[in-house]
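The values are calculated or read from the model by the stated rules, or taken from the named source; none is laboratory data. Since the structure is predicted, the reported quantities are computational estimates derived from the model, not experimental observations. Quick reminder, even Gly has a Cβ in these numbers, built from the backbone with ideal geometry, and neighbours come from all protein chains shown. These area figures cover heavy atoms from the full protein model, side chains too; ligands, DNA and RNA do not enter into them. Shrake-Rupley method; radii C 1.70, N 1.55, O 1.52, S 1.80 Å.
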Number of protein chains: 2
Amino acid sequence: MPRYLKGESSMEQRLSIITLGVSDLKKSRTFFDALGWKVASEDQSEEIVVYDLISMSLALYPLDKLQEDAKVKVERQKYSSFTIAYNVRSQEEVDVTLEEAVKAGGELVKPAEKAFWGGYSGYFADPDGNLWEVAHNPFAPLGPKGEFQWNGF
Amino acid sequence: MPRYLKGESSMEQRLSIITLGVSDLKKSRTFFDALGWKVASEDQSEEIVVYDLISMSLALYPLDKLQEDAKVKVERQKYSSFTIAYNVRSQEEVDVTLEEAVKAGGELVKPAEKAFWGGYSGYFADPDGNLWEVAHNPFAPLGPKGEFQWNGF
């Protein structure tokens, strides 16, 4: 039975798609393709590019179309006001991933360093300035497929 | 064996944490609490608020600290340049969810309507202007826990 029919809040603790508003769909796609990511479908890939992740998807969509769809006005910014963390299994893998992101066309925003919380992390920006943190957190081991939960999987 | 040791790109097709840079941590938390979401831990909740979702987490973190951590400058904007889609199982549930988001302190950005792609969707903004799309997509049924994949679960 849906939660709202039981008198509970209907909003379950999950999300379905993160859609990044991009300035140049082909250029943005080239970046994720270079990282080795595979699109979910080529059918509408001139309009929207989608990557299926674990239990959710990441979409690239032209920012002007995103604004049209949501009926809002958004100013383009150099860097995003949110970050996407990509956690890995070792410190070495942080370095390798940052290096590959730069090779793929990303910008090294902050070289990896020991973090105050006991891990190791650095940041790159994708072609639209979205901030990606690549992190190794020894206190939150990943699940078998790379699943993440705050207190470890 | 890690992918990069096999000569493949090391970046797996997944993400760990979406961190939203917020202007008032308590106010933002109040919103998600009102939606019925449960924090992963109260331990550091004065500094960062984390909700475990399916196989990933959503974090709320003061925007000034986010900037400090990534060593970048970000201007606050009315609306985000990305959207978070929350897909539900029926058209009725879209309406109910949008109503509850507004009751919790969100802004109705676009009332739900039939979408050109054959579904039904609307948008609300959370207290920091992040755009959330609540959608019913009859062509992409959710998994048993609400998991999403572009071509259906």
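Every residue in the stretch A:20-33 that is in contact with a Ser or Thr (Cβ under 8 Å, 6 or more places away or on another chain) and closer than 23 Å to B:S10 by Cα, please.
To start, the set of residues in the stretch A:20-33 that are in contact with a Ser or Thr (Cβ under 8 Å, 6 or more places away or on another chain) comprises A:20-22, A:29.
Across the stretch A:20-33, the qualifying residues are A:L20, A:R29.
Can we say A:V96 is out of contact with any strand residue (DSSP E or B) (no Cβ under 8 Å at 6 or more places or on another chain), at pLDDT 95 or above and not aromatic (F, W, Y)? Give the steps one after another, and end with the answer.
Details: out of contact with any strand residue (DSSP E or B) (no Cβ under 8 Å at 6 or more places or on another chain): yes; at pLDDT 95 or above: yes; not aromatic (F, W, Y): yes.
So A:V96 fits the description; yes.
Mind telling me which of the residues B:Y51, B:Y79, B:Y61, B:Y86 ends up being aromatic (F, W, Y) and under 22 Å from A:K145 (Cβ atoms)? Break it down stepwise before answering.
Details: B:Y79 fails: under 22 Å from A:K145 (Cβ atoms); B:Y61 fails: under 22 Å from A:K145 (Cβ atoms); B:Y86 fails: under 22 Å from A:K145 (Cβ atoms).
From the options B:Y51, B:Y79, B:Y61, B:Y86, the qualifying one is B:Y51.
Kindly evaluate B:G36 against the criterion of being at the interface with chain A (Cβ under 9 Å from one of its Cβ atoms), assigned to a loop (DSSP other than H, G, I, E, B) and either open to solvent by less than 40 Å² (accessible area, probe 1.4 Å) or in contact with a Pro (Cβ under 6 Å, 6 or more places away or on another chain) (or both). Before you say what the answer is, go through the steps one by one.
Working: at the interface with chain A (Cβ under 9 Å from one of its Cβ atoms): yes; assigned to a loop (DSSP other than H, G, I, E, B): yes; either open to solvent by less than 40 Å² (accessible area, probe 1.4 Å) or in contact with a Pro (Cβ under 6 Å, 6 or more places away or on another chain) (or both): yes.
Criteria met by B:G36.
Sort out which residues of the stretch B:4-61 are aromatic (F, W, Y), within 30 Å of A:F31 (Cβ to Cβ) and touching a residue at least 12 places away in the same chain (Cβ under 8 Å), and write them in order of number. Quick ask: steps written out before the conclusion?
Step one: list which residues in the stretch B:4-61 are aromatic (F, W, Y), which gives B:4, B:31-32, B:37, B:51, B:61.
So of that shortlist, the ones also within 30 Å of A:F31 (Cβ to Cβ) come out as B:4, B:51, B:61.
Correct list: B:Y51, B:Y61.
Considering A:D64, A:D24, A:D52, which residue is more than 15 Å from A:Y123 (Cα to Cα) and at the interface with another protein chain (Cβ under 10 Å from one of its Cβ atoms)?
On the way: A:D64 fails: at the interface with another protein chain (Cβ under 10 Å from one of its Cβ atoms); A:D24 fails: at the interface with another protein chain (Cβ under 10 Å from one of its Cβ atoms).
Of A:D64, A:D24, A:D52, the one residue that is more than 15 Å from A:Y123 (Cα to Cα) and at the interface with another protein chain (Cβ under 10 Å from one of its Cβ atoms) is A:D52.
Condition first: charged (D, E, K, R) and facing chain A (nearest Cβ under 8 Å). Now tell me which residues in the stretch B:70-95 satisfy that. Before you say what the answer is, go through the steps one by one.
Start the filter on the stretch B:70-95 by keeping residues that are charged (D, E, K, R), which leaves B:71, B:73, B:75-76, B:78, B:89, B:92-93, B:95.
B:K71, B:K73, B:E75, B:R76, B:K78, B:R89, B:E93 - these are the residues of the stretch B:70-95 that are charged (D, E, K, R) and facing chain A (nearest Cβ under 8 Å).
Which of the residues that make up the stretch B:25-45 are more than 23 Å from A:F116 (Cβ to Cβ) and of a type outside the set (A, V, I, L, M, F, W, C)?
Hits for the stretch B:25-45 are B:K27, B:T30, B:D33, B:G36, B:K38.
Whether any residue in the stretch B:126-145 is in contact with a Lys or Arg (Cβ under 8 Å, 6 or more places away or on another chain), facing another protein chain (nearest Cβ under 8 Å) and under 28 Å from A:A125 (Cβ atoms) is what I want to check.
Looking for residues that are in contact with a Lys or Arg (Cβ under 8 Å, 6 or more places away or on another chain), facing another protein chain (nearest Cβ under 8 Å) and under 28 Å from A:A125 (Cβ atoms), one finds none in the stretch B:126-145, hence no.
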